[in-house]
Amino acid sequence: MSLIEVAALTVRYGRRTALDGVAFNVPEGAVYALLGRNGAGKSSLVRCLLGVQRPAAGSVRLLGSDVWTRRASILREVGVVPEEPDAPPAMTVHQIAAFCARLYPRWDSARVDDRLRRFGVPVDVPFGRLSKGQKGQVSLTLALAPEPRLVILDDPTLGLDPLARRAVFEELIVDLADRGTTVFLTSHDLAGVEGIADHVGVLCDGRLVLDEELESLKGRFRRLRVPAGGEDGGDGGLAGLADLAPLRIAQSGWGTEAVLTRWDEERLEEISPTLPRGAEVSALTLEEIFLAVVEPVAGERP
Amino acid sequence: MRAVRVFGAVLFREVAERWLLLVGAEAVGFFPLLVPFLPGVQSGFSAEFRAGVALALCFTVAAVLAVTLGASVLAGELAEGRLGFYFSRPIAGWAVWAGKLAGVAVLSIGSALLVLLPTLVVDRRLELGMPWWMDTPWTRHVPPFVGILAAGCVLLLLFSHLVSSMVRSRSPWLLLDLGAALAAAALFWSIRQTLWREGAIDAFFWGLGGLVLLVTVAAAVASAVQVTRGRTDARRAHRLLSLTFWSGVGIATAAFAIFSHWVVDVSPSDLRAFEAVLSPAASTWIGVRGPAVHRGAYFPAFLFDTATGRSLKISGSPIDRFWWLQPVFSSDGSAAAWLEGGAGGYELKTLDLTRPGARPAATAVAFESWPDRMALSPHGRLLAAVHDGVLTVDDLEARRMVTSVPVALASEQGLKMRFTDDRHLRLYQALFERPERSETPAERKEKPERLWRLTAFDLDPVDLGPGHGKLIRVGGIEVTGNWFFWSVSPDGWHVALRAMEGPFRLGDLRTGAILATLPRSPEGGMATFLSDGRLILDQRNGDGTTLRLLGKDGAELRQFAFPSVRVAVGGEVQPGRLAMATTPRGTFAEPAAWSAFLLNLDNGRAAPLGAGLLPVMRDLSLFDRGAGNPQSVGARLFLRTGGDLLLLDPATGRLRTVLRIHGG
């Protein structure tokens, strides 16, 4: 069962299209990371997921129901960590927790206290006086307290120091391990995401250009480096690799580099005799894949 | 149940976040207790001072909190992107809207009441010392006062929220808001002017009440839509707010416009009574004014042709001239003139009464404000008007002013005028002697009666240019008293005077002599000149009335006694024949209880006209209301039970229905 079903989602602000026909599903138990540059449409998508933004077209269903019409009842099973912590600044953490506890059918007060203690967040200090990292930790604590089936995190590590970032991801991992919560997150911290995500989507200029399991994604992306000096007709000897969908073919003084987006071990063996001597193939990190996808040199995306 | 719990949680959170306001308000509430100890406060009035200060503080706190909290809660949070906290949690949009507004309403109202609390406890009463303009059953005691205070706070909260949302969203929709506000204000002002000029003040305030109610509902619905449908998107929220609110305002204003149109779109058959009838000596046309049915104290005026049934609605009097009756007729009955409000003031319109199907004609005469007096010459060519201390005479055919003369006006009752012929205008000007500057108020109080001088002037306006006319004194009389009602005989040389307290006097303006002084009954009475100059005096005593017929010299000619009945004296339908009605118990509002007859003043015989009939023109001399010419059509009109307006043919003694008014 998919806890998030997004179909043909389009969002417009006046004449500008922020999201253009975006469609994806997040199966129960998955950790889905939505990546994209600033302005790619991630926040608009999150607002649609939370039912605070009405799409111009398409639909968003959470836990099987339309989120625009049934937002309040759906959010009883959903924890949310906003991009900017937005709790009332005059309320203490304790007051905020007490207020939130009245809204949900379940509320694990003991775990809230435990987490805040572990984070070292003072509970009797007004929220507005906490540091940015502490505010993020409070938001995460409140999002996980109602034992939600789905957690939506909108760039939860934005502006946090490395330690705080690690704490956020570790906390998520603990919760995932405990309860198998479905997670949807957007983030610029690709290294952190790579550690926990099992599905990845990449938004570029309002369109979803990638949407697949992380394992599969990493399996089909490779970097091929061909040193200069061979008789290759000026293309680095890559002419025979068209069916491996080379992307970002870049030439420099030392040779040619290409990102292959449909890596096939058998096919490479077939054509390896035609490649110049010294050609190297290596795997890509999620960050490298992301960069290759959102900044294509060849002008096309996989 | 869960929804109510969530609503309660939001409400409680709003109050809890600002609980210090309640503490501060209670601290302010102790200040009125110190007022009696302040220098200059008289000890005997300390409770009144205390209550007054407490009320002033209560209103101030309520208003300030309602406006500031209304502007910041929801509107501020939306503009600053702080509503996401609620919308990312399982809280329904309506609960966010209602909970937050209810929270700040509780804070505003609660703080205001806490300001009052110490004073109420010290005075040990639940009665508020309201200023006179608020001292009503609704505001005198605490429970209804709380309701009014709460309504006021909610109103301020909503509109403060509305304005703040519009301004803080920084969206182009603000331009629509300004445009719509200007359009609504312009439409409202136009409606207000229409009703105000017509004198439909009750209807205006009813409509205004409905408008305020509908606009408040629109504001509440719009803000709810703004939050529940616009959610955290400030611009979208603003768009929804504006569309909903201005749609509501548009509907409410349109409803007000339709209502105001309905109010003023009346015909003579919508009158439920006749307050006044004006009629020239020789015409089938009359001018009527009376209260219109279902329209409160609205008294529309009409020109009505008793021969054909044709009617023409003319502008009523403005509220500050409620006693003024329109139109003025030429004495030959050929023309009527009246004023109609326009953009820059009041314009004179005329109607040719001799031409069937004639339509109102515009003239070159206009006034910035309502004039004090107007009169038409016998054939309707000249119009004399007193306005702003200047008497002007206009030639309506030549469309030019022929003269203007300054006149002194002592009061609204101090001036009468009539054309004696097509060339001459006569002015009657009454002036009280001015008190000596050296007189103290106490001295003035000891000398309530002052010299009152009535002077008659003639003016020959023809062939004079503006500024060249001259008033020539032709007569006058001096008496003492404190106030006078006065009427002038048809020949223009005799005056009947009735002081507020004191006897009737009949005076000769040519000689200045008092011809007769007649005792006045304790219950007042009226003096009415007949067409031949004789005078009818009705004197009321207990349940009965005595009519006294006086000659031109004041000598009593006859008495007519009507014991144990109430008498209505109508008009003179023929020389020496007076329309009358009597009732053992009825009022003017119940024609059914009256029986009408014609009284022959020469032989005392009464010719019955029928039961359930009441003369339309009755008790005419007071303030000159309904002062129709003797023997005119107006004098022959009777109102019958059920609302029929009947015209008496004096030759046959038969009554003919000319109009059916609403309910009689």
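Each value in this text was obtained by applying a stated rule to the coordinates, not by laboratory testing. These numbers come from a predicted model, not from an experiment. Neighbour counts run over all protein chains shown; Cβ positions are idealised from the backbone, glycine included.
Computed over neighbours whose Cβ is under 10 Å from that of B:Thr657, the net charge equals +2, Lys and Arg +1, Asp and Glu -1.
Just the ratio, please: alpha-carbon radius of gyration of the protein assembly as shown over 2.2 N^0.38 Å, N its number of residues. Let's see the in-between values first.
Numbers: Rg = 44.9 Å, N = 966, 2.2 N^0.38 = 30.0 Å.
My calculation over the Cα atoms of the protein assembly as shown gives 1.50.
Axis angle, to the nearest 10 degrees, between helix B:19-29 and the longest C-alpha principal axis of chain B: 40 degrees. Computed from the alpha carbon atoms alone, the convex hull of the stretch B:141-285 holds 148 Å³ per residue.
Remark: B:Ile472, A:Ile152, B:Ile91, B:Ile514 ranked as B:Ile472, B:Ile514, B:Ile91, A:Ile152, counting other beta-carbon atoms within 10 Å and listing the fewest first.
Put simply, the stretch A:2-216 fits an ellipsoid with semi-axes of 27, 18, 17 Å; these come from the alpha carbon gyration tensor as the roots of five times its eigenvalues, largest first. Normalised by residue count, the stretch A:1-66 yields a Cα convex hull volume of 77 Å³ per residue. Footprinting exposure proxy ranking of B:Thr228, A:Thr157, fewest other C-beta atoms within 10 angstrom first, gives B:Thr228, A:Thr157.
For chain B, find the longest principal axis of its Cα atoms and tell me its angle to the long axis of helix B:2-17, 0 to 90°, nearest 10. Once rounded, one gets 90 degrees. The Cβ shell under 14 Å around B:Ala282 holds other residues with a net charge of -1, Lys and Arg each +1, Asp and Glu each -1.
Using the Stokes-Einstein relation with a Kirkwood hydrodynamic radius computed over Cα pairs, the translational diffusion coefficient of the stretch A:35-100 at 25 °C and a viscosity of 0.890 mPa s comes to 179 µm²/s. In chain A, the longest principal axis of the Cα atoms and the axis of helix A:109-119 are about 60 degrees apart. Its residues counted as N, the stretch A:33-143 yields a C-alpha radius of gyration over 2.2 N^0.38 Å of 1.18.
For B:His261, B:His424, B:His494, the sequence from fewest to most other C-beta atoms within 10 Å is B:His261, B:His424, B:His494. Once you mark the GluC sites (Glu not before Pro) that are in a DSSP loop and have at most 16 other Cβ atoms within 10 Å, what is the longest gap between them in chain A? Answer - A:29-230. An ellipsoid equivalent to chain B, defined through the eigenvalues of its Cα gyration tensor, has semi-axes of 60, 31, 26 Å when rounded to whole angstrom and sorted largest first. Evaluated at q = 0.15, 0.20, 0.27 Å⁻¹, the base-10 log of the normalised Debye intensity for the stretch B:483-564, with identical point scatterers placed on the Cα atoms, takes the values -0.49, -0.85, -1.40.
Across the stretch B:645-655, coupling constants 3J(HN,Hα) worked out from phi with the 6.51/-1.76/1.60 Karplus curve, θ = phi - 60°, read 9, 10, 10, 8, 8, x, 6, 9, x, 8, 10 Hz, and Gly and Pro carry x. Based only on the alpha carbon positions, what is the Kirkwood hydrodynamic radius of the stretch B:1-168, in angstrom? When all Cα pairs of the stretch B:1-168 are included, the Kirkwood radius is 17.2 Å. Could you tell me whether the stretch B:247-303 comes out rounded, prolate or oblate from its Cα gyration tensor? Rule is a ≥ b ≥ c as square roots of the eigenvalues, rounded for a/c under 1.5, then prolate if a/b exceeds b/c, otherwise oblate. The shape class here is prolate.
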